[in-house]
1. Of the DSSP beta bridges with both residues in the chain, give the percent that are antiparallel, rounding to the nearest 5.
2. Would you compute, from DSSP H runs of 4+ residues alone, the mean residue ellipticity of the chain at 222 nm, taking -39500 (n - 2.57) per run and dividing by the full residue count, rounded to the nearest 500?
3. Based on the Cα coordinates of the range 121-170, what is the per residue volume of their convex hull in Å³?
4. Taking amide H atoms as placed 1.01 Å from N in the peptide plane, list the residues 5 or more away in sequence, or in a different chain, whose amide H sits under 5 Å from that of A484.
5. So what are the ³J(HN,Hα) numbers for the range 423-436, from phi and the Karplus equation (6.51, -1.76, 1.60; θ = phi - 60°), rounded to whole Hz, Gly and Pro as x?
6. Through the Karplus equation 6.51 cos²θ - 1.76 cosθ + 1.60, θ set to phi - 60°, convert the phi angles of the range 497-502 into ³J(HN,Hα) values in whole Hz; use x for Gly and Pro.
7. Arranged from highest to lowest average of other beta-carbon atoms within 10 Å per residue, in what order do the peptides 329-338, 464-473, 445-454, 252-261 appear?
8. Whole-Hz ³J(HN,Hα) for each residue in the range 525-533, computed from phi via Karplus 6.51 cos²θ - 1.76 cosθ + 1.60 with θ = phi - 60°, x for glycine and proline: what do you get?
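The values are calculated or read from the model by the stated rules, or taken from the named source; none is laboratory data. This is a predicted model, so every value here is computed, not measured. Note: ideal-geometry Cβ built from the backbone for every residue, glycine included; neighbour counts use all protein chains shown. Surface accessibility is based on the protein's heavy atoms, side chains included, excluding ligands, DNA and RNA. Shrake-Rupley method; radii C 1.70, N 1.55, O 1.52, S 1.80 Å.
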Amino acid sequence: EAYEAACQKGQDTAVEETLRAARNWGGWASRREEWTEAGRAYGYGMAAIERLYRVQLTRRAKETWLREARGIPIRAGYALARAGDLTEGVLALERGRARLLSEVLERDRADLSALEHSHPDEYAVYRRAADRVFALGGQELRPADLPPGFDLVEAMRAARAELDAAVEAIRALSGYADFLDAPDWEDVTRAVTPDQPLVYIAVSPAGTVALVVTPTAVHPIHTGLTEEALRERTQGPADDPALGGYLGAYGAWRRAPRDPAARQTWFDALDETTRWLWDALMGPVVHALTDLDVGRATLIPSGWLAFLPLHAAWVEENGKRAYALDNVTFSYAPSARALAHAQTTAAAAAPGARLFAVDNPDGSLVFSRREVDGVVSHFAGEETAPWIVRGDRATRNTVLHALPECDVYHFSCHGSNAWNAPLESALWLYGYPKPLPLTVRDLLEQRGTRARLAFLSACETGLVGADLPDEVVGLAAGFLQAGAGGVVSTQWSVGQVSTALLAERFYRHWKEDGMAPPDALVAAQRWLRDEADGGHWSHPHYWAGFTLTGV
């Protein structure tokens, strides 16, 4: 009662205190396994997050409160699922995912076209206000470019007030009462198809729940995987200040890629982690999906699961490995809202797709030309000739100019994940005297692109920031926000030869065999693993790092 009184009182006088009281109350109720009570407690926390988030003007301020609220949506989803309220559990997880991304996508969502035709005046006011907020957001990303004396916060306050007024005017129109509201059940089910459910995965201190969302039901899968066990597997023991576990082994190899011992330690860690993943999580998920008779699923994993190749979990059967992707074709999504947006983009993609390809900007990738030439060969019959930039022609300005003009992007270059500053994660393009980055920051400033697919054939393009992994700030989400329907990216540093082989096979299955991109990627991975060069590339390092985000 004292916790609830504090939460209720704080709603009106100190929302920050409501957030803290809700976290403490929810944790206490969870330890007693009073799941209904825990769900109610975390509900106060979710409401507080919403209020605190909505009143922030700048991206930095929003990130501050998202950081303060870390873990609450996951714990809320888990508690609600344990209490039997599966729909609310899904909504808690959806509302805690990719807030910054969803906010931008919703402002530009497809149903604005109907508003433009039915209420052009209200649309025009909204569009001007939204464009102003977007422009100021870009200025926030590049503060050094601001004119002297410019008060960015005050400008954003005025723009937000104008946007809020425009939104309220639209909500007063018939059929638009829920415009730009928090995600509801319709937002979730819009992204679900009968043959491809969503799978939300929440790892809490008490255990894990995977919620399989089909058009007609939510199916819970409970496992004993805890937040602590996941952290130890990915980063090493909590009382060890050094980074250990899976990510520690990867980092050691990245620092010394020519060291045979470091390489073997990384290969062993990848093998051990993917085997562990089967028992801890993905085995039950695969069995449940098989029982539902579905061959595809979209994963929406939480927290540190974002750094693990869930699709490559495996178990030994009849003397050989059976991987999760051998049973189900898995793709990934930041959230249901982001996936629905990607589906709309993909459906509207031009049938005569024009390819834009970047080939080896710094000249160090020996097999890049072979890879790009193989990719280009599958676009020879398109109405518009592929646009290829090689070497010193692959500049940042050229790429930014090309993105709105083309329908498929293929980048064969170097890439890097900025773990603690994800807006700086980058694809590296030509520059003199040193390469120049195309960053997540650059992508977030893009508008007007509508591409079917981006294939990021570079290292670490599918990783996200370690500080707020549920915000999925990284290159894959950056391309989704910039207007791509699907993004093939990588979860670690990939090899040149194996990547070239996999990329060519992917495009063959997609463009020649008519497979959907998720199916084409899995088919290419299986081929590289099982058939190419007599099984030379069978280790997961060579093929499992590739994922498809979106559709």
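1. Numbers: 29 of 56 bridges.
Of those bridges, close to 50 percent are antiparallel.
2. My calculation for the chain gives -14500 deg cm²/dmol from helical runs alone.
3. Values: hull volume 3.1 nm³, N = 50.
Value for the range 121-170: 63 Å³ per residue.
4. Long-range HN contacts for A484: A451.
5. 5, 9, 4, 8, 9, 9, 10, 5, x, 10, x, 9, x, 10
6. For the range 497-502, the Karplus-derived couplings read 5, 4, 5, 4, 5, 5 Hz, x marking Gly and Pro.
7. Working: 329-338: 25.9, 464-473: 21.9, 445-454: 20.0, 252-261: 12.5.
Ranked from most to least packed, the peptides come out as 329-338, 464-473, 445-454, 252-261.
8. 5, 5, 4, 5, 5, 9, 10, 4, 6
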